[in-house]
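**Student:** Have a look at this one before I ask anything.
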Amino acid sequence: MTLLAVEDLTISRAGDEASIVRAASLALAQGETLGIAGESGCGKSTLLLALMGIVKPGLTVTGGHVRVMGQNLGGITPEALRRLRGRIVAMVPQSAAMALTPSMRVGAQVAEAMSVHDAIPPEDIRARTTALFARVRLPEPDRIGARYPHELSGGQMQRVAIAMALTCEPKLLLLDEPTTGLDVTTQAGILDLLGELRRETGMAMVCVSHDIGVLARLTARVAVMYAGHIVEDRPTADLLTRPEHPYARALMASVPRIESPGLPPSIPGSPPPPGKSGPGCVFAPRCSRVIAACERVPELSPLLEGGRIACHAPDHGPLAPPVVMPEPLVTRQAGVPVIAVRDLVVQYRRASLLARLARRSLPDPVVSGVSLTLAKGEILGLVGESGSGKSTILRAIAGLWPPSAGSITLDGANLPGRVTARDRTELRRVQVVFQNPDASLNPRQTVREILAQPLRLYFDAGPTEVEARARSLVHDVRLDPAHLDRRPAQLSGGERQRVALARAFAAEPEVILCDEVTSALDVSVQASVLALIHDLCHARGTSCLFVAHDIAVVAALCDRVAVLHQGRIVEAGPARTVCTTPEHPYTRSLIGAVHRAPDVRGHGICER
């Protein structure tokens, strides 16, 4: 039985011919799994929302339709659509923290989902809520419902969101980036849970993700989207091992792999703005295999071995190899390190006066006895699970949280623990690039104004010098000078992260602290940002402390790596050695969690 049928669906801007999704066709039977992959802005999430009958404000369906169990979602009443959602189709959103109401206990939110859909008698709601929490393997399922979202970890909030989606036992579960921002072990647990739920209930799944490893583990088939078009739709094993569309091949080659030394190659150029693709094949401006036939839009045609492809000149050759990076232009110096952290201890809560008088012990430290050094021009990776202390160390070095004990030195001189106690030179020498550029860039300022601030603050630059330096900086981060007049909202996620890097390097720092700067980027943009960080640091001699939860990214970028567990460094050494032949049991467990999500060779792919 066909559970989901999408036929020539086109979604466009209202009053505009620009199509965000163009003639998309998909079919899914009960119990089947489908992944949707592609770069940011390709239309993945817009298509996923349409499967629930949701069209964002400003968009309209201009062609085709979506049928769920034979019902055309565009032709039924709002009441019928409301009954369909939850009971037949449910969604797990990308950010559980944003989807959960912060002022409501999580148990009440799950109960509300049941009462809205009349899924269960009121007297049984509490027991059903506890059973759902146990089903998604939350700790203390009979008590955790009394907590608020901020009292849960990221993985626990994601499990609550899954429990809410399961309240009515839907036949189709839609997943929008279900593991973004989670560390590898938490991600592995969420994927295990979703796989078990699918096998237990027989529900179908559609998963949108920029993480190819997630799709490889969770879905049996993957549709690759580019600029609103589905360009390849194949069984997952076939797509990962022998993709044929040039874009799908470039996307697979952009995935970093622990066993392949070097940075993954990025895709040259950039995708067109949503709805602004030109005539002919949408990928032609970035493709190396363009022929005369590419002036026509290719049809999505069946392949002999199964699947579909929209390409006039498919490629059957080997994937592009990783890029072997050259030696740094600035020689690393022996002797005094740029940054030296000695016996660092950080506590977030301090005992009250009454507690100290009563001789009660202080709270356990978040970071305890950590020592590390950073040489000139070196990139040092910090990895570990959420809560292991990675970002806390970074904040302590940045002066955003004062250490409880230990020391931090910069070129041998003591670095004040609080950022407010540092002088202008010390501030300039240590810069931070935060995980979310949306929160760190002023939305009211243009890129030119954002870059002007550090230039004026640290160098007293005048208007002429600011303009020249700003143009040089956007060139260094591979942006067009036209971006100087744009605001953050007019940029893609990768472009905003490049602006954040340009702002940090505008201060000509000696140390740059990167906190999960690629965690929310798709693999092709991630590859270009990693290459950019490598080039900027090694060419200028800037040292980099790179915090990440993705071991493969650290293995590709970093010179050395330190592994953190419960606030302590348990293993450190050359990145290649630690990531391929780990010695500590905890490091081996992290690497094992990575390998449980299959690489392009297709091991362990979802069986259906």
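**Student:** Out of ARG498, ARG478, ARG487, report the one residue that is of a type outside the set (Val, Ile, Thr) and farther than 20 Å from PRO265 by Cβ.
**Tutor:** ARG487
Matching residues to (1) in a loop (DSSP other than H, G, I, E, B); (2) farther than 30 Å from GLY213 by Cβ; (3) out of contact with any Cys (no Cβ under 9 Å at 6 or more places or on another chain):
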{"residue": "LEU3", "(1), (2), (3)": "no, no, yes"}
{"residue": "ILE11", "(1), (2), (3)": "no, no, yes"}
{"residue": "ASP16", "(1), (2), (3)": "yes, yes, yes"}
{"residue": "GLY41", "(1), (2), (3)": "yes, no, yes"}
{"residue": "ILE54", "(1), (2), (3)": "yes, no, yes"}
{"residue": "PRO57", "(1), (2), (3)": "yes, yes, yes"}
{"residue": "MET91", "(1), (2), (3)": "no, no, yes"}
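**Student:** Here are some conditions: (1) aliphatic (A, V, I, L, M); (2) open to solvent by 30 Å² or more (accessible area, probe 1.4 Å); (3) in contact with a Lys or Arg (Cβ under 8 Å, 6 or more places away or on another chain). VAL570 meets all but one. Which one does it not meet?
**Tutor:** Failed condition: (3).
**Student:** Please work out if THR167 is in a loop (DSSP other than H, G, I, E, B) and open to solvent by 20 Å² or more (accessible area, probe 1.4 Å).
**Tutor:** No: the conditions fail for THR167.
**Student:** Would it be correct to say that LEU400 is aliphatic (A, V, I, L, M), open to solvent by 50 Å² or more (accessible area, probe 1.4 Å) and in contact with a helix residue (DSSP H, G or I) (Cβ under 8 Å, 6 or more places away or on another chain)?
**Tutor:** Yes, satisfied.
**Student:** Need the failing condition index for THR409 against (1) β-branched (Val, Ile, Thr); (2) in a strand (DSSP E or B); (3) under 31 Å from the mean Cα position of the chain (by Cα), just the number.
**Tutor:** For THR409, the exception is condition (3).
**Student:** Return the residues of the range 93-138 that are in a loop (DSSP other than H, G, I, E, B), more than 28 Å from THR46 (Cα to Cα) and of a type in the set (Ser, Thr, Tyr); say none if nothing qualifies.
**Tutor:** SER103
**Student:** Would you check if ALA23 is open to solvent by 20 Å² or more (accessible area, probe 1.4 Å) and of a type outside the set (D, E, K, R)? Explain how you work it out, then say what you get.
**Tutor:** Details: open to solvent by 20 Å² or more (accessible area, probe 1.4 Å): yes; of a type outside the set (D, E, K, R): yes.
Here the answer is yes, as ALA23 does meet what is asked.
**Student:** Which residues, counting only those in the range 477-492, are touching a helix residue (DSSP H, G or I) at 6+ places or on another chain (Cβ under 7 Å) and in a helix (DSSP H, G or I)?
**Tutor:** Scanning the range 477-492 gives PRO481, HIS483, LEU484, ASP485, PRO488.
**Student:** Right, something else. I need a count of the residues in the range 407-427 that are open to solvent by 50 Å² or more (accessible area, probe 1.4 Å) and touching a Pro at 6+ places or on another chain (Cβ under 7 Å).
**Tutor:** 1
**Student:** Confirm whether SER95 is hydroxyl-bearing (Ser, Thr, Tyr), out of contact with any strand residue (DSSP E or B) (no Cβ under 8 Å at 6 or more places or on another chain) and open to solvent by less than 60 Å² (accessible area, probe 1.4 Å).
**Tutor:** Yes.
**Student:** Sticking with this one: Within the set of pairs 6 or more residues apart or between chains, which connect a residue that is of a type in the set (Phe, Trp, Tyr) inside the range 451-475 to a residue that is assigned to a loop (DSSP other than H, G, I, E, B) with Cβ atoms less than 6 Å apart?
**Tutor:** Listed by first residue and then by second, the contacts come to TYR458/ALA507.
**Student:** Any residue at all in the range 32-51 that is modelled with pLDDT of 90 or more and farther than 27 Å from ALA520 by Cβ?
**Tutor:** Yes: one or more hits.
**Student:** Anything in the range 513-567 that is open to solvent by 10 Å² or more (accessible area, probe 1.4 Å), farther than 22 Å from ASP211 by Cα and assigned to a loop (DSSP other than H, G, I, E, B)? List them, or say none.
**Tutor:** Passing the criteria: ASP559, GLN566.
**Student:** So how many residues does the range 139-164 have that are more than 23 Å from GLU385 (Cα to Cα), in a helix (DSSP H, G or I) and open to solvent by 40 Å² or more (accessible area, probe 1.4 Å)?
**Tutor:** 2
**Student:** Follow-up. Among the candidates VAL136, VAL61, VAL55, which residue alone is modelled with pLDDT of 85 or more and buried (at least 20 other Cβ atoms within 10 Å of the Cβ)?
**Tutor:** Going through VAL136, VAL61, VAL55 in turn, the sole match is VAL136.
**Student:** Moving to a separate point now. With the structure loaded, tell me whether LEU34 is open to solvent by less than 40 Å² (accessible area, probe 1.4 Å) and assigned to a helix (DSSP H, G or I) or whether it fails that test.
**Tutor:** In short, no.
**Student:** Examine the range 174-187 for a residue that is farther than 27 Å from LEU9 by Cβ, at pLDDT 90 or above, crowded, with 24+ Cβ neighbours inside 10 Å and aliphatic (A, V, I, L, M), and state whether such a residue exists.
**Tutor:** no
**Student:** Something else now. Among all residue pairs at least 6 apart or on different chains, which show Cβ distances below 7 Å where the first residue, located in the range 120-142, is closer than 20 Å to GLY154 by Cα and the second is of a type in the set (Val, Ile, Thr)?
**Tutor:** Once the first residue is closer than 20 Å to GLY154 by Cα and sits in the range 120-142, its partners that are of a type in the set (Val, Ile, Thr) give THR129/VAL110; LEU132/VAL110; LEU132/THR167; PHE133/ILE144; VAL136/ILE162; LEU138/ILE144; PRO141/THR130; ASP142/THR130.
**Student:** Ok, one more. Filter the range 72-89 down to residues that are among the β-branched types (Val, Ile, Thr) and either assigned to a helix (DSSP H, G or I) or open to solvent by less than 30 Å² (accessible area, probe 1.4 Å) (or both), then give me how many there are.
**Tutor:** Result for the range 72-89: 1.
The values are calculated or read from the model by the stated rules, or taken from the named source; none is laboratory data. Remember, predicted model here, so these are calculated numbers, not experimental data. Counting neighbours? That spans all protein chains shown, and the Cβs are built from the backbone with ideal geometry, glycine included. Remember, those area values only see protein heavy atoms, side chains included, never the ligands or the DNA or RNA. Shrake-Rupley method; radii C 1.70, N 1.55, O 1.52, S 1.80 Å.
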